[in-house]
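Written below as structure tokens is the structure these notes are about.
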Amino acid sequence: MMKRMLVAALLAVLWAGTGPTVDLAWLDAYTPAATAALHAAEPSTARVTWWVAGDPHVGHGSEAFPGQHVAKAVADVNELGIADEAIMLGDLVEDRAAFGDIFVREMNKLKVDWTYVLGNHDFDRTTGQPVLAPRYGARTVQGIRFITLSDEVSGSADRNLVMSDAQEKWFWEELATHRDTDSPIFLFTHQPHPEFAKWPQLQEVLDEYNIVAWFSAHKHRWDIRKDAGVGFIQVNIHSIGGVREDYLSSFLHLDRTGDTVEATVRFRNHEKREWIQVDGQDQVTFTVNLASD
Ligand SMILES: [Zn+2]
């Protein structure tokens, strides 16, 4: 482009010196048109990034003050500035209702919208009631159906992900709307599939749905398997707080080009504020096809 402009300018100067006055405005008009044509030829790609974290365990005995771990993670996410949205995959607090407000206060410092699901520690140890409203729902992100499920039974009664009747009815109906279609689904829960109480029932009908990936936490360790032998990609993430090595979580990038989405999962240490490897990998990638023909 620069060379073409220089040649044109030179010609204009030469022309101006020998003949009638030349209107140079056409040079200005020409350049934006050429630039627009170049951009139109490129495929349009839109990136959406979710911060996917879990197990902050606000109020856990390892914290210097309640919310220490989630506060440090949120500060790093804000400074990075790459997330469009965020989800916290359960064990938001350590078994006490009073910690629920602290969790919400710290998460509200995020500069992006956020949501959560409940895990087995999100029930008050005295009352047995959930510390925050059990959230479940579905929405479409980059053409992929995100389904989130909450644990609704006290962790002391059952550590597995047990849904209420209402949530379970909704879940099967939501799946039914995607039966025998190519509509891809990502699941987001606290417990991984072996500890999902309805896993035996879901497994029997798994072929009818296009569940591409299942994001979970709960184990406080990375367990990422592209071929978990269950037909979907398992992404079990490490913990923000609680036990073992803390301040670890993930980011999910979804880069859509036409009917294809490239999914990339990256791993973060919020304490050291650095990207980390898991199983020797900088990231895990997979392709999601949206075409429904
Ligand atoms: Zn936990």
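Quick note: the coordinates plus some simple rules give every number you see, no bench work behind them. As the structure is a prediction and not an experimental result, all values here were calculated from the model. Heads up, the Cβs are rebuilt from the backbone with ideal geometry, glycines too, and the neighbour counts pull from every protein chain shown.
Rounded, prolate or oblate: which fits the stretch 46-289 when a ≥ b ≥ c are the square roots of the eigenvalues of the alpha-carbon gyration tensor, with rounded for a/c under 1.5 and prolate only if a/b beats b/c? Before the final figure, lay out the partial values.
Details: a/c = 1.70, a/b = 1.16, b/c = 1.48.
Oblate is the answer for the stretch 46-289, as a/c is 1.5 or above yet b/c matches or exceeds a/b.
Using amide H atoms built in the peptide plane, which far-off residues or other-chain residues are under 5 Å from residue 54 H to H?
89, 240
If amide hydrogens are placed 1.01 Å from N in the peptide plane, which non-local residues have theirs closer than 5 Å to the one on residue 260?
Amide H neighbours of residue 260, under 5 Å, 5+ apart: 290.
List every residue whose amide H lies under 5 Å from the amide H of residue 233, counting only residues 5 or more places away in sequence or on a different chain, with H placed 1.01 Å from N in the peptide plane.
213, 214
Quick check on the stretch 180-293: take the gyration tensor over C-alpha atoms, sort the square-rooted eigenvalues as a ≥ b ≥ c, and tell me if it's rounded (a/c under 1.5), prolate or oblate.
Details: a/c = 2.64, a/b = 1.35, b/c = 1.96.
Oblate.
Neighbouring Cβ atoms within 10 Å as the yardstick, rank 235, 93 fewest first.
Starting with the residue having the fewest Cβ neighbours, the order is 235, 93.
What list of ³J(HN,Hα) couplings, whole Hz, do you get for the stretch 212-226 from phi and the Karplus terms 6.51, -1.76, 1.60, once you set θ to phi - 60° and write x for glycine and proline?
8, 8, 10, 9, 8, 9, 6, 7, 6, 7, 5, 8, 10, 9, 6
What are the ³J(HN,Hα) couplings of the stretch 118-129, residue after residue, when phi is run through the Karplus curve with 6.51, -1.76, 1.60 and θ = phi - 60°? Round to Hz, x for glycine and proline.
So the J values, rounded to whole Hz, are 8, x, 6, 9, 8, 9, 5, 5, 8, 8, x, 7.
Mind listing the phi-derived Karplus ³J(HN,Hα) values for the stretch 131-140, rounded to whole Hz, using 6.51, -1.76 and 1.60 with θ = phi - 60°, and x for any glycine or proline?
6, 9, 4, x, 9, 9, x, 8, 7, 9
Using Cα centres only, tell me the gap between the stretch 129-198 and the stretch 203-239 in whole Å.
Taking the Cα centre of each part, the stretch 129-198 and the stretch 203-239 sit 13 Å apart.
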